[in-house]
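The values are calculated or read from the model by the stated rules, or taken from the named source; none is laboratory data. The model shown is predicted, which means the values in this text are computed figures rather than measured ones. Every residue, glycine as well, gets a Cβ built from its backbone with ideal geometry; the counts of neighbours run over all protein chains shown. Please note that ligands, DNA and RNA were not included when accessible areas were found on the heavy atoms of the full protein model with its side chains. Shrake-Rupley method; radii C 1.70, N 1.55, O 1.52, S 1.80 Å.
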Amino acid sequence: MNKAVDIIIPTYRPDEKVVFLVKKLLKQTYQADRIHLINTETGVFPSELEVLDSRVKITHIRKEEFDHGGTRHMGAMQSKADFVVFMTQDALPANDRMLEELMRPFEDPQVAASYGRQLPASDCNLIERYTREFNYPAESRVKSLKDLETLGIKTYFCSDVCAAYRKTVYDSLGGFEEKTIFNEDMIMAARMIHSGARVAYAAEAKVIHSHNYSCMQQLKRNFDLAVSQAEHPDIFENVRSESEGIRLVKDTAAYLVKKKKQWMVISLVVKSGFKYIGYRLGKNYRKLPEWLIRKCTMNPGYWE
């Protein structure tokens with residue numbers, strides 16, 4: 001496959017790690033036509049990025065203009081490439097074949113999106129390491145509408161930490177919504193699947209990306225996730241989702257016992273409780289007072 005690809009990366013307070021990321025992307029075996037950084041202005045921007053390579057494009061936007069879906073969609077609309085790849089500034093290609101492997105599933109003309117495998121960083125805690133294994137296994141697979149009965153909400157799973165979209169299908173479905181709190185990737189993947197297309201998980205397209213979230217950060221992340229689901233009942237209302245979370249907790253507990261880290265099960269239960277509270281609050285956000293919503297969200301600008 002030798003199709004044109006543009007990589008789009010929203011940035012916020014970029015540092016030398018973003019410079020390193022761009023340099024890694026410029027050395028991929030599959031060369032991108034353009035790397036478009038859409039930077040939320042904060043007065044801090046590495047000057048090296050301005051002169052690094054002619055393929056690097058930089059757009060600055062105001063903080064109030066940023067939106068998870070809208071900002072990425074703006075980048076996609078400026079692209080003339082056959083495929084658009086979205087990444088986050090904290091995801092680092094694990095090797096020089098990441099983009100090549102991310103593009104490989106598109107050899108099947110029915111595949112409309114492909115997302116990569118997220119590996120834990122060196123400082124990642126044990127519970128989060130297993131979560132990465134659970135959500136991003138070593139085996140690739142291609143998902144379609146027929147998987148909905150067995151996979152439930154995982155059928156729609158896709159992550160713009162590292163994901164590629166066939167531009168013709170993306171455009172035909174209207175692209176990402178221009179105002180979304182979170183989850184623009186899964187919403188698009190769901191629409192692609194319901195249009196008859198397929199979504200591929202490319203396990204060999206590896207990026208290093210993980211977080212050691214606190215209990216409150218977990219609550220806020222799951223709150224925003226649930227808000228996005230509540231705002232799109234046409235996609236999420238009749239799809240099994242909570243059972244997948246329960247399975248993750250059970251499997252993680254068994255993993256901790258196997259590793260002789262039984263005491264960490266307490267931390268797992270506590271953090272899982274915060275996740276569930278955030279999720280239930282988000283699902284019912286329309287019943288909550290504005291002050292509580294602002295306490296629970298990771299994205300206060302969405303509520304302005």
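A few notes on this one:
- Taking only the C-alpha atoms of segment 1-42, Rg followed by Dmax gives 11.5, 39 Å.
- Taking each DSSP H run with n ≥ 4 as -39500 (n - 2.57) and averaging over every residue of the chain yields -12000 deg cm²/dmol at 222 nm.
- In Hz, Karplus ³J(HN,Hα) per residue of segment 148-155 (6.51, -1.76, 1.60; θ = phi - 60°; x = Gly, Pro): 4, 5, 8, 8, x, 5, 5, 4
- Helix 242-258 vs. the chain, principal-axis angle (Cα, 0 to 90°, nearest 10): 80 degrees
- Protein accessible area in the chain, 1.4 Å probe - carbon and sulfur %: 53 percent
- Per residue value of the accessible surface for segment 164-304 (all protein chains in place, 1.4 Å probe), Å²: 51 Å²
- Residues in segment 1-126 average 46 Å² of solvent-accessible surface per residue, probe 1.4 Å, ligands and nucleic acids excluded.
- The Kirkwood hydrodynamic radius of segment 41-159, based on inverse pair distances between different Cα atoms, is 17.5 Å.
- Nearest 10 degrees, 0 to 90: helix 184-194 Cα axis against the chain principal axis: 90 degrees
- Applying 1/(1 + (r/R0)^6) with R0 = 25 Å to the Cβ-Cβ distance of residue 243 and residue 286 gives a FRET efficiency near 0.55.
- Anisotropy class assigned to segment 172-304 is oblate, per the alpha carbon gyration tensor with a/c at or over the 1.5 cut-off and a/b no larger than b/c.
- Whole-number D in µm² s⁻¹ for the chain, Kirkwood Cα-pair radius fed into Stokes-Einstein, 4 °C, 1.567 mPa s: 65 µm²/s
- Among beta bridges from DSSP that stay inside the chain, the antiparallel ones total about 35%.
- Cα-based helix-to-principal-axis angle, 264-283 vs the chain, degrees rounded to 10: 70 degrees
- Projecting the Cα atoms of 158, 180, 194 onto the charge dipole of segment 156-200, computed from C-beta unit charges around the Cα centre, puts 194 farthest toward the positive end.
- Span per principal axis, largest first, for the Cα atoms of segment 95-141 (Å): 39, 22, 14
- Using the alpha-carbon positions of segment 68-126, Rg (one decimal) and Dmax (whole number) come out as 13.9, 42 Å.
- The separation of segment 240-294 from segment 86-137, counted between C-alpha centres, amounts to 23 Å.
- Among the trypsin sites (Lys or Arg not before Pro) within segment 204-304, those in coil by DSSP and having at most 10 neighbouring Cβ atoms inside 10 Å are 260.
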